[in-house]
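*Asks:* Following this message is one structure expressed as structure tokens.
The values are calculated or read from the model by the stated rules, or taken from the named source; none is laboratory data. For clarity, every value in this text was computed on a predicted model and none was experimentally measured. Neighbour counts run over all protein chains shown; Cβ positions are idealised from the backbone, glycine included.
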Amino acid sequence: MSFESLGLSPSLLKAVSKKGYTQPSPIQEKAIPKILEGKDVLASAQTGTGKTAGFTLPILQLLSEKRPDKKRVIRSLILTPTRELAAQIHENVTAYSSFLDIRATVIFGGVNANPQIRTLRQGVDILIATPGRLLDLQHQGYISLKSVEILVLDEADRMLDMGFVRDIKRIMALLPKQRQSLLFSATFSAAIKDLANGLLHQPILIEATPENTTAEKVSHKIYRVDKANKAALTIALIKEGNWDQVLVFTRTKHGANRLSKKLDKAGISSAAIHGNKTQNARTKALAGFKDNSIRVLVATDIAARGLDIPLLPHVINYELPNVPEDYVHRIGRTGRAGAEGEAISLVGLDEKDYVRGIERLLAQKISKEVVPGFEPTDTVESLNEAAKQQNSGRPDRRNSRGQKSQQGSRSSKNNTRGRNKRSGSRR
């Protein structure tokens, strides 16, 4: 099938050709005709399947068929969970509409709102937004959604994960009831189905790939390693493999910062991106990663979606995610558009339950290996003892018979008597 056969206009076909697209992806084949027919759509599509073009191309066609008002009003609203994804969609819309009289802009938090307000005042046809900044500017009177004809919720499952459900419902109340609505999600959970029931009218169900699957050309590998040696192993893998573009995921913001500092100290240029970074810092880090001036990007799960890096060869899970579905979202950065990719997970003994959950979700076993020189030595007992000390905040004081020391016992009794005295005086 060709893009011409999907019914796209010559102007859009010219833009598609300029982008280097030769034939539509499965999600584009299925979604574009239905959206052009004006149908509501509920689509399951992983990142990297071409879903952005799957909804932006038909939206551009539908809007371009009607002459815009002299004073441009927002006719299409695209909601996304993260700033990175919003910026990426805006970049694509700008490219696809290069031969059309369509204006689009993007708004998100973390940056000065004044330039965004100035652009909105000039009038736009398509608004790409994160929920928080949208509601903020709408409340201030800079945005009206009463003329929206087409609504898109992209990465809807991530929006729910990030707690945007109330914001989404508030935004829905600001929209015309008569509209076309499109919902794209990597997973079809019960919460997504509930959201779809309240949002969509007799939707067409589209599944471009089986639910919760990863790209076919991604190889999965687990390296068993002690937690204390993960940074050293990461450095060794990157140096010995001479890897240039590596995306590393950590569970926490502080963990991302710590690892980035260790990589820099080892002579590997890196940057960390997470929610505490300013938008300018995140944009600069992404730009450096794309142009190869930064070799490694260390990210929390906030960056698992919205990153569009062609032919990214390596993704490392420095720590496995708590939620198995997040593994799919993370490694969706590699193996895109049919290219080969490698997903490596550094797994400590305390993460074995996460491995089971991921393998159940993928319906496959992941190869487990040990790198010479990084053989794991952790035991269940040592992990339990470390957890006890972490929970108590101090080592457990016991004598040789395993009994608590008298000092600790007396201290406890004295504290109890003190509490009883104080509570008695309050009665």
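*Asks:* Find all pairs meeting these conditions: Cβ atoms under 8 angstrom apart; at least six residues apart or on different chains; first residue within segment 100-113 and without any contact (Cβ under 8 Å) to a residue 60 or more places away in the chain; second residue part of a loop (DSSP other than H, G, I, E, B) and small (Gly, Ala, Ser).
*Replies:* ARG103/GLY123; ALA104/SER97; ILE107/ALA113
*Asks:* How many residues are surrounded by 19 or more Cβ atoms within 10 Å (Cβ to Cβ) and over 20 Å from THR377 (Cα atoms) if we restrict to segment 221-244?
*Replies:* Adding up the residues that qualify gives 1.
*Asks:* From LEU12, LEU8, which residue is over 28 Å from the mean Cα position of the chain (by Cα), modelled with pLDDT of 95 or more and surrounded by 18 or more Cβ atoms within 10 Å (Cβ to Cβ)? Reasoning before the result, please.
*Replies:* Details: LEU8 fails: modelled with pLDDT of 95 or more.
None of the others qualify; the one that does is LEU12.
*Asks:* Check every one of the helices (runs of 4 or more DSSP H) wholly within segment 1-96 and list those with 1 or more residues that are over 30 Å from GLN138 (Cβ atoms) and of a type in the set (Lys, Arg).
*Replies:* Helices (runs of 4 or more DSSP H) meeting the threshold: 10-18, 26-36.
*Asks:* Same structure again: Looking at LEU63 and the list (1) within 26 Å of VAL41 (Cα to Cα); (2) in contact with a helix residue (DSSP H, G or I) (Cβ under 8 Å, 6 or more places away or on another chain); (3) of a type in the set (A, V, I, L, M), which single condition is not satisfied?
*Replies:* All conditions pass for LEU63, except number (2).
*Asks:* Can you name the residue in segment 322-340 that is surrounded by fewer than 22 Cβ atoms within 10 Å (Cβ to Cβ), in a loop (DSSP other than H, G, I, E, B) and of a type outside the set (Asp, Glu) and is also modelled with the lowest pLDDT among such residues?
*Replies:* Once the filter is applied, the top-ranked residue is ALA339.
*Asks:* Being closer than 20 Å to LEU79 by Cβ, at pLDDT below 95 and within 25 Å of the chain's Cα centre (by Cα): is that true of SER219 here?
*Replies:* Details: closer than 20 Å to LEU79 by Cβ: no; at pLDDT below 95: yes; within 25 Å of the chain's Cα centre (by Cα): yes.
No, not satisfied.
*Asks:* Note down all Cβ pairs under 7 Å where the first residue falls in segment 33-48 and is farther than 27 Å from GLU325 by Cβ, the second is modelled with pLDDT of 85 or more and part of a loop (DSSP other than H, G, I, E, B), and they're at least six residues apart or on different chains.
*Replies:* So the pair list comes out as PRO33/GLY7; LEU36/GLY7.
Table: residues versus (1) at pLDDT 90 or above; (2) of a type outside the set (Lys, Arg); (3) touching a strand residue (DSSP E or B) at 6+ places or on another chain (Cβ under 9 Å); (4) surrounded by fewer than 22 Cβ atoms within 10 Å (Cβ to Cβ).
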residue: LEU36; (1), (2), (3), (4): yes, yes, no, yes
residue: ASP40; (1), (2), (3), (4): yes, yes, yes, yes
residue: LYS51; (1), (2), (3), (4): no, no, yes, no
residue: THR56; (1), (2), (3), (4): yes, yes, yes, no
residue: GLU65; (1), (2), (3), (4): yes, yes, no, yes
residue: LYS70; (1), (2), (3), (4): no, no, no, yes
residue: LEU79; (1), (2), (3), (4): yes, yes, yes, no
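*Asks:* Please determine whether any residue of segment 240-260 is under 18 Å from the mean Cα position of the chain (by Cα) and closer than 30 Å to GLN138 by Cβ.
*Replies:* yes
*Asks:* Something else now. Return a yes/no flag: does segment 198-214 have any residue that is touching a strand residue (DSSP E or B) at 6+ places or on another chain (Cβ under 9 Å), surrounded by fewer than 20 Cβ atoms within 10 Å (Cβ to Cβ) and among the acidic types (Asp, Glu).
*Replies:* yes
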